[in-house]
1. GNM, chain A, Cα, under 10 Å: largest mean-square fluctuation among A:LEU136, A:LEU233, A:LEU73?
2. Which of the listed residues, A:ILE198, A:PHE86, B:LEU88, is farthest toward the dipole's positive end in the protein assembly as shown, when Lys, Arg count +1 and Asp, Glu count -1 at the beta-carbon?
3. At 7 Å along the Cα-to-beta-carbon direction for both A:ARG74 and A:SER277, put a label point, then send me their distance in nm to one decimal.
4. Counting C-alpha atoms alone, how compact is the stretch A:14-140: give Rg to one decimal and Dmax as a whole number, in angstrom.
5. To the nearest whole number, what is the average tally of beta carbon atoms from other chains within 10 Å of the beta carbons of peptide A:254-260?
6. Restricting to DSSP loop positions (anything but H, G, I, E, B) with no more than 14 other Cβ atoms inside 10 Å of their own Cβ, which trypsin sites (Lys or Arg not before Pro) remain in the stretch A:101-184?
7. Could you do me a favour and compute the accessible area per residue for the protein assembly as shown, 1.4 Å probe, result in Å²?
8. Straight-line reach from A:LYS270: which aspartates and glutamates have a Cα under 14 Å away, not including same-chain ones fewer than 8 places off?
Amino acid sequence: MEATKTYRLTCLSKATSLLTHNSGVQGNEQIVMREGVSTDDGLRFVPVLSGNALRHRIVREPGARYLVDAWELRGNLSLDQLNWLFHGGNLSQSTAHVSLSRQQELFRLFPLIRLIGCSLPNQIVAGSLDCHRGTLVCRENSWRLKAATPEGWQADYAALRSAEHFIEQYQYTRSDARHTARDLAPTNGEDADSNLMIFGGQSVIAGAAFLHGFLARHVGDLELGCLLLSLRLWQAHGGTIGGQASRGHGRLATSLHIAPDVDQEAVIQKYTDHVASVRDEAVAFLDGNFAPPDENKKSRKKVKA
Amino acid sequence: MNTPQLPPLPKLDAAAFRRELAGLTDPQAPKAMSADYKELASEFCRLLAKRFNRDQLDALTLWDRIATAVTTACGKVDDGDLDRLICLALETIKADVSLAASDQELAYWIGTVTERDESWRLGFVRYLKQHTLTVIVHGRRLWEITKDTRREEREAVVNGSN
């Protein structure tokens, strides 16, 4: 049996652009997601990054995309298979069935799933990765930051700025072609309400920092390699969180601490080698548990590892 | 399969963590500061009402103009340069230069806020920006008190002369 360890990954992510991880809309204004924190001054609501969003953006999405590319499955996956890889899947069969042998096989072929868990059509499989929520580095969170950082990481938490210092407003205007492309607008006298729309909301300012991290419980080199590779892929592809990345929002620059220390390059190489070696078995697993897309089933070629 | 050539994430350790946090601190931010901001911001609005040029502008637009003056000035000043912020606000309400120059209350208020340290000044601009409407309300209340006091003083003078 492969030796396993529990790793604690601590990340500090600094916003390099405004960040709009929102909780909802009030009128036509988007509101930054907040959570209640008990402070010496009473209850305060401070901006937060949800663990759900961090887990998806940092681990699941880059991890799944890597598998699709490495196994050359682009265009060859059914919607069910894609939903399973990118969103965890759904229990779709009426009877649940716990098969430990299938779970073993799943974990062997997909270290990503061993980390984050999934729902097969008739079996829920738990993962082994705890993803922490993103805690804003601010005065209100000072006691939480102290508790979340490794022992000995002392800092002047009491002097941190208040959370409100990190919140700003943004506003955009969706224009109307009758104003911006007047030369192309129809001239047949069509009357319609203006499409001009002003919209905006709150954002967390560039320069704000969030402390977050992962606890990878009893994992081997493959799972850790998968996690580290996903983190690197996420950062290499912009490292965004929250909405409106298309407008330049939500970019994070992340630094990482791992305890116990590990040879990152070695575990990532081990993971990528493993992914290459199990390609055909993994594809067979996917097809065995989810109906493959009919039109692609025949065209799927076996690839040498 | 070759490992994708991706750079490792920067290393986070106790020293790096402390450095990052140092950039997010504000040691000059006592809890009582917002009360200080509120009082001085309200007084600013009162002084703008006092210096509002009623000869050139419609007096009915007094508070709309002051709100615009505060919002515009805050939008243009992001470095805590309160001298410039005050100047922009006075320009928006078309304050008479001679009257502004001889206004002792205005001079005292300018001296009070512009001599504070940068952290305080930045905080003040931020407070004005985020509390414009309530600051106008408080400023108007102060302005009404000023008018009442002036009226009482005038009446006292008139009664005294009779």
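The values are calculated or read from the model by the stated rules, or taken from the named source; none is laboratory data. Predicted model, so just to flag it, every value in this text is computed and none were measured. Note that each Cβ is placed from the backbone with ideal geometry, even for glycine, and that neighbours are counted across all protein chains shown. Each accessible area value is taken on the protein alone, full model and side chains, heavy atoms only, with ligands, DNA and RNA left out. Shrake-Rupley method; radii C 1.70, N 1.55, O 1.52, S 1.80 Å.
1. Its mean-square fluctuation being the largest, the pick is A:LEU73.
2. My answer, from the dipole projection, is A:PHE86.
3. Between A:ARG74 and A:SER277, the label points sit 2.7 nm apart.
4. In Å, with Rg to one decimal and Dmax whole: 18.7, 56.
5. Working: counts 3, 8, 5, 7, 3, 0, 0.
So the per-residue partner count for this stretch is 4.
6. Values: sites: A:ARG102, A:ARG108, A:ARG114, A:ARG133, A:ARG139, A:ARG144, A:LYS146, A:ARG161, A:ARG174, A:ARG178, A:ARG182; in loops: A:ARG133, A:ARG161, A:ARG182.
Taking the stretch A:101-184 and a limit of 14 other Cβ atoms within 10 Å, the loop trypsin sites (Lys or Arg not before Pro) found are A:ARG182.
7. Values: 24510 Å² over 467 residues.
About 52 Å² of surface per residue is accessible.
8. A:LYS270 reaches A:GLU2, A:ASP221, A:GLU223.
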